[in-house]
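Engineer: Okay, handing you the structure first.
The values are calculated or read from the model by the stated rules, or taken from the named source; none is laboratory data. Keep in mind that this is a model prediction, so the values were computed, not measured. Backbone-built Cβ (ideal geometry, glycine too); neighbour counts: all protein chains shown. Each accessible area value is taken on the protein alone, full model and side chains, heavy atoms only, with ligands, DNA and RNA left out. Shrake-Rupley method; radii C 1.70, N 1.55, O 1.52, S 1.80 Å.
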Amino acid sequence: MKIAILPGDGIGPEIVAEAVKVLQALGLRFEMETAPVGGAAYEASGHPLPDSTLNLAKAADAILFGAVGDWKYDTLERALRPEQAILGLRKALGLFANFRPAICYEQLTHASSLKPELVAGLDILIIRELTGDIYFGQPRGRRGAPDGAFAGAEEAFDTMRYTRPEIERIAHVAFQAARQRSKRLTSVDKANVLETFQFWKDIVTEVHKGYPDVELSHMYVDNAAMQLVKAPKAFDVIVTGNMFGDILSDEASMLTGSIGMLPSASLNDKKQGLYEPSHGSAPDIAGKGVANPLATILSAAMMLRFSLNQAEAANRIETAVKKVLAQGLRTPDIYSEGTTRVGTAQMGDAVVQALA
Ligand code: NAD
C-alpha cells in the first residue's frame, strides 16, 4: 500500500503529521513518501505541482493531502498559484468523484448553527462530480456581446456541459455508495431550466434501472439548498454536478458546526484517490499548534476504506475519534465550556491512544 504524503502549506504540515502518526499506529504496513505541493513546492522548485510530486502521486494507491494556499501568492500568475496543484492532480489522475460526508458528532451538536434537534445524528454524504460542468466547459472567455439588448457591449461567458459517460460514471458511483448505506439517493439538478441538467436527470433515471434496490428521488438545486437547512436528516446520499455540489457541500459542512471535522475523498475509476480535509490552509493559525487535525485524520480513514481496502482500520480510526470527543478533548475551533482545550499534537496523540 503506497501512500503519497503531500502536506502543502499553512496548517497542512501540522495536520498531516498527526494523520501520519495515526496511520503508523495501526500496525499495518504502508510505504509512505512525502513531497512538496502548492506554495511549498513553488518556493522549492518554481511550480506548485512539480513533475516529481505528480509522478509520486500517480504511482501511489492513494494521496494524503493537507491544504495549499496563502494570501502571499495571490499576485502570482494563475498557473503558478498553489491552488492549481489540486486542479492539476484532479486532472492528471482523473479524480471525477468527490465524496464529502457531513456528520454531526453527538458531542458537537451545539456547534451547528441549526437547532440541535435538526442536526443531532446527522450523517449525509454528498457526491459531487468533479471534472466536468461549467467549471471546465469550453468555450469560455470575454468578448463583445454578439446579440441581444446589449449587443456589442463587453461580456463574459462560460459553458455548462456534460457528456453521457461523465454522468453515467458518477451515477454508478452514487448508486453503489447508496447501496452501502440506507439505499436512498437524491439526484440534484436544475432540469426545469437547464438543458444540461435535464440530460443529467434522464441519464441518472436510466442508470437507476440497474439499481432497483435503491430508492431514487430528484430535486431541484434551489429546493435542495432549502431542504438542507430545513430538514437535513431527510437526506442520505446526494449526487450532483460540479457547481451545485461545490455549493451544497459547503452548505452541508456548516450543518456540522466545524470545518475542522470534515474529511473528503476524490476518486477515479481505479479507486485511486486523493484524501484531504474540506478546509483550506488556514494561514491565520498556521504554526501555532492549534489547528484541528481531525478532518485530516478522518480523511485518512476514508483513504483506508475506499482506496486501500482496509475497512476495519478505517472503523478503528473513526471510533477512536468519537472516543476522544467523548473524553471532552477539543481543539480551539470546537471548544466549549466544560471541555478540555488541547493543541494539534495532543489531539493526534489522543486519537493514537484511543486506537488501543
Ligand atoms: P480556510 O478553510 O483555510 O480557513 C477558514 C477559517 O477556518 C479560518 O479562520 C481558519 O483558521 C479556520 N480553519 C480552517 N481549518 C481549520 C482547522 N483544521 N482547525 C481550526 N480552524 C480551521 O479558508 P480560507 O481562509 O478562505 O483560505 C485560506 C487559504 O486556503 C487560501 O489560500 C485558499 O485559497 C486556500 N484553500 C485551500 C483549499 C485546499 O487546499 N483544498 C481549500 C480551500 C481554501
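Engineer: Which condition from (1) surrounded by fewer than 20 Cβ atoms within 10 Å (Cβ to Cβ); (2) within 12 Å of the ligand (Cβ to nearest atom) is the one that Thr109 breaks?
Structural biologist: (2)
Engineer: Is it true that some residue in region 309-328 is among the acidic types (Asp, Glu) and touching a helix residue (DSSP H, G or I) at 6+ places or on another chain (Cβ under 7 Å)?
Structural biologist: yes
Engineer: If you don't mind, another one. Kindly state which strands (runs of 3 or more DSSP E) lie completely within region 138-252 and contain at least 2 residues that are buried (at least 16 other Cβ atoms within 10 Å of the Cβ).
Structural biologist: 184-189, 215-220, 237-240
Engineer: Based on what the data block shows, is Met254 touching a residue at least 12 places away in the same chain (Cβ under 8 Å), within 14 Å of the ligand (Cβ to nearest atom) and not aromatic (Phe, Trp, Tyr)?
Structural biologist: yes
Engineer: Moving on to the next point. Kindly indicate whether any position in region 278-299 is closer than 22 Å to Gln176 by Cα, under 13 Å from the mean Cα position of the chain (by Cα) and within 15 Å of the ligand (Cβ to nearest atom).
Structural biologist: Taking every residue of region 278-299 in turn, at least one turns out to be closer than 22 Å to Gln176 by Cα, under 13 Å from the mean Cα position of the chain (by Cα) and within 15 Å of the ligand (Cβ to nearest atom).
Engineer: Can you name every residue in region 254-271 that is surrounded by 20 or more Cβ atoms within 10 Å (Cβ to Cβ) and under 18 Å from Met302 (Cβ atoms)?
Structural biologist: Within region 254-271, Thr256, Ser258, Gly260, Met261, Leu262, Pro263, Ser264, Ala265, Ser266, Leu267 qualify.
Engineer: Confirm whether Asp284 is free of Cβ contacts under 8 Å to residues at least 40 places away in the same chain, of a type outside the set (Val, Ile, Thr) and more than 28 Å from Glu168 (Cβ to Cβ).
Structural biologist: In short, yes.
Engineer: OK, next. Would you check which residues across region 9-35 are within 12 Å of the ligand (Cβ to nearest atom) and open to solvent by less than 10 Å² (accessible area, probe 1.4 Å) and list them?
Structural biologist: Hits for region 9-35 are Ile11, Gly12, Ile15, Val16, Ala19.
Engineer: Looking at Thr319, Thr296 in this structure, which one is open to solvent by less than 10 Å² (accessible area, probe 1.4 Å), in a helix (DSSP H, G or I) and either in contact with a strand residue (DSSP E or B) (Cβ under 6 Å, 6 or more places away or on another chain) or more than 13 Å from Gly348 (Cβ to Cβ) (or both)?
Structural biologist: When all the criteria are applied, what remains is Thr296.
Engineer: Still on this structure, I have one more. In region 61-76, which residues are within 12 Å of the ligand (Cβ to nearest atom), under 21 Å from Gln24 (Cα atoms) and either open to solvent by 50 Å² or more (accessible area, probe 1.4 Å) or among the aromatic types (Phe, Trp, Tyr) (or both)?
Structural biologist: Phe65
Engineer: Report, by residue number, each residue of region 112-135 that is assigned to a strand (DSSP E or B), over 19 Å from Met226 (Cβ atoms) and within 13 Å of the chain's Cα centre (by Cα).
Structural biologist: Within region 112-135, Leu125, Ile127, Glu129 meet the criteria.
Engineer: In addition: Spot the failing condition for Arg100; the list is (1) in contact (Cβ under 8 Å) with a residue 12 or more places away in the chain; (2) under 30 Å from Ala41 (Cβ atoms); (3) surrounded by fewer than 21 Cβ atoms within 10 Å (Cβ to Cβ), and only one is missed.
Structural biologist: With respect to (1) in contact (Cβ under 8 Å) with a residue 12 or more places away in the chain; (2) under 30 Å from Ala41 (Cβ atoms); (3) surrounded by fewer than 21 Cβ atoms within 10 Å (Cβ to Cβ), Arg100 is out only on (3).
Engineer: Restricting attention to region 241-248, does a residue exist that is more than 10 Å from the ligand (Cβ to nearest atom), within 14 Å of the chain's Cα centre (by Cα), of a type outside the set (Gly, Ala, Ser) and not assigned by TED's automatic domain parsing to the domain that holds Leu125?
Structural biologist: Scanning region 241-248, I find no residue that is more than 10 Å from the ligand (Cβ to nearest atom), within 14 Å of the chain's Cα centre (by Cα), of a type outside the set (Gly, Ala, Ser) and not assigned by TED's automatic domain parsing to the domain that holds Leu125, so the answer is no.
Engineer: OK, next. Do you know which residues across region 77-97 are open to solvent by less than 20 Å² (accessible area, probe 1.4 Å) and not in a strand (DSSP E or B)?
Structural biologist: Passing the criteria: Pro82, Ala85, Leu89, Leu93, Leu95, Phe96.
Engineer: Which of the residues that make up region 36-56 are in a helix (DSSP H, G or I), surrounded by fewer than 23 Cβ atoms within 10 Å (Cβ to Cβ) and small (Gly, Ala, Ser)?
Structural biologist: Result: Ala44, Ser45, Ser52.
Engineer: Go over the candidates Asp70, Asp74 one by one and state the one that is acidic (Asp, Glu) and touching a helix residue (DSSP H, G or I) at 6+ places or on another chain (Cβ under 9 Å).
Structural biologist: Selected residue: Asp70, the only one of Asp70, Asp74 that is acidic (Asp, Glu) and touching a helix residue (DSSP H, G or I) at 6+ places or on another chain (Cβ under 9 Å).
Engineer: For Val119, all conditions in the list (1) buried (at least 19 other Cβ atoms within 10 Å of the Cβ); (2) out of contact with any Lys or Arg (no Cβ under 9 Å at 6 or more places or on another chain) hold save one; what is the number of the exception?
Structural biologist: Val119 satisfies every listed condition except (2).
Engineer: Which residue, of Phe96, Phe30, is more than 30 Å from Ala171 (Cβ to Cβ) and among the aromatic types (Phe, Trp, Tyr)?
Structural biologist: Phe30
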